[in-house]
Amino acid sequence: MTSNFESTDQTDFYQFEAHIKILQENVAVLLSKSKFDALLIHSGELIYSFMDDQSYPFRVNPLFNHWVPITDVPNCWLLVDGVNKPKLWFYSPVDYWHNVETIPNAKWTEQFEISTLLKADDIGLIIPSLPNNIAYLGSSVKRAADLGLGNEAINPNTIINYLHYHRSVKTDYELFCMKQAQQIAVEGHLAAQYAFMRGLSEYEINAAYLLATGQRDTDVPYGNIVAINEHASVLHYTKLAKSSPVDKRSFLLDAGAQYLGYAADLTRTISFDEDDEFAELIKLVTQHQLELISHIKAGVNYTDIHIEMDKRIAEILLEFKLLHSISPEAIVQSGISRTFMPHGVGHPLGLQVHDVAGFMQDEHGTHQSPPEIYPYLRCTRTLESNMVITIEPGVYFIDSLLEKWKNSEYTKHFDWTRLSHFKQYGGVRIEDNIIIQVGGTINMTRQLELP
């Protein structure tokens, strides 16, 4: 994706202007409570493979990206104090070996005082002219120490906790970026579904997805999960088989996109035969997913959402005749439901796919762990308006998890013949990205009519 926020609509720029104003106000409040006078935020540095001159793909510091719509330029620095116009040192070296980004020239740059940094080490020449009490926010602890900053000034917890907690609530600019990412991802999903129905391999389907989104595998926010048949039972399957199976039964795609650093994270499952029983299971999971979303709104605790979905999984298992002669309550209490959905019902979403502060109960970083029976949850917060979360229930047929029930007192309640049949489909996951509102939600994914 381009690193410059080139607005196609003047209102988009005003959203960014308002976004920066909100960030400035937050930092002013934060610094008034701390011993620091300013924040020095680093975009990050290239990280090189051991004993090699090849770097890993660059991932920008999200605390930097929160202010600046640049995702692919290392060695940039931002100074903010909540009062004065933020100062941006943009890294643009003289380099004939690599592509060099020029100083951005777009409407958003009016919000910053921008200077060129010709060499990464030149930041050391700038430090003496900055305020005395600076907090460094970034990944390069060594560089911060070389600049003369003490341990207490390098990623201080009080600063990080405050910024992360408030970053959970999105501004209008951020929601705009996330909707753009949704649109890109939907185009990829449609192309991938078409490629599956044509008989392409996982590897070829992934290539079709990337082509449709216009993003490289280093651009998308996470490794695409492209799973045909039983591969869908591996929750984070990323192997990408290069040959297509003779018998195509099911297809699960968990793939996203990013726009100016903001992520979309969508999952769809389809059956090769649109009229078979597995297609009915997909419809059933989708029905419960949408019903669950219809009850979500600001003020609801995330953990309660997962508990409600756990109960719904029990209902699905009975309705689909995978279990019998047992109550939904017993299915949940025994843990059988968690065998079929061994992950959380979703997670916060934003500049990171699994966005920060899911367990923070306040701006001081007070931590609330998930319930003991749901250790895999990624959020325990009470939801607020303009938070963004995913809702992604699933039903999977995972041998290693099912095995323990075969010799248990509950084995008589399992239809093992039916389960054996559905193992060849792997599983179902349906994932939408929703914006929390006072009276309900905005389902960004369904607005784009992704089937």
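The values are calculated or read from the model by the stated rules, or taken from the named source; none is laboratory data. Keep in mind that what you see is a predicted model, and the values were worked out from it rather than measured. FYI the Cβ positions are ideal-geometry reconstructions off the backbone, even for glycines, and counts take in every protein chain you see. Note: accessible area is taken over every heavy atom of the protein model, side chains too, but ligands, DNA and RNA are not part of it. Shrake-Rupley method; radii C 1.70, N 1.55, O 1.52, S 1.80 Å.
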* Structure fact -> log10 I(q)/I(0) for segment 241-282, Debye formula on C-alpha points only (no solvent), q = 0.25 Å⁻¹, two decimals, reads -0.87
* What does the accessible area per residue of segment 1-112 come to in Å², with a 1.4 Å probe and no ligands, DNA or RNA counted? -> 53 Å²
* Separation between Cα centres of segment 38-76 and segment 115-138, rounded to whole Å -> 15 Å
* Enumerate the amide H contacts of L266 below 5 Å, restricted to partners 5 or more residues apart or on another chain; note that Pro and chain-start residues carry no placed amide H. => A255, G256
* Sort L290, L210 by accessible area with a 1.4 Å probe, largest first. => L290, L210
* Structure fact -> Computed about the Cα centre, the charge dipole of the chain from +1 Lys/Arg and -1 Asp/Glu charges at the Cβ has a magnitude in debye, to the nearest 20, of 520 debye
* To do: Bin all alpha-carbon pair distances of the chain at 10 Å intervals from 0 and give each bin's fraction as a whole percent.
  => 4, 19, 27, 24, 15, 8, 2, 0
* Once phi is turned into θ = phi - 60°, what whole-Hz ³J(HN,Hα) does the Karplus curve with 6.51, -1.76 and 1.60 give for every residue of segment 298-304, x standing for Gly and Pro? -> 4, x, 8, 7, 4, 4, 5
* Asked: Could you list, bin by bin from short to long, the percent of Cα-Cα pairs of segment 184-338 in 10 Å steps?
  -> 10, 32, 33, 21, 4, 0
* Structure fact -> Scalar couplings 3J(HN,Hα) for segment 208-217 by Karplus 6.51 cos²θ - 1.76 cosθ + 1.60 (θ = phi - 60°), nearest whole Hz, x for Gly and Pro, are 5, 4, 5, 4, 5, 7, x, 10, 8, 5
* Could you tell me whether segment 66-112 comes out rounded, prolate or oblate from its Cα gyration tensor? Rule is a ≥ b ≥ c as square roots of the eigenvalues, rounded for a/c under 1.5, then prolate if a/b exceeds b/c, otherwise oblate. => prolate
* Reachable aspartates and glutamates from K142, criterion Cα separation under 13 angstrom, eight or more residues apart if same chain -> E45, D121
* **segment 22-132 - share of DSSP beta bridges that are antiparallel (%, nearest 5)** => 60 percent
* To do: Using the Karplus curve 6.51 cos²θ - 1.76 cosθ + 1.60 with θ = phi - 60°, work out ³J(HN,Hα) for each residue of segment 103-108 in order, rounded to whole Hz, and write x for Gly and Pro.
  => 4, x, 9, 9, 4, 4
* Please work out the FRET efficiency for the pair F50 and I442, using the Cβ-Cβ distance as r and a Förster radius of 41 Å; give the result to the nearest 0.05. => 0.35
* Percent breakdown of C-alpha pair distances by 5 Å bin, ordered from the shortest bin, for segment 176-265 -> 3, 17, 27, 24, 16, 9, 3, 1, 0
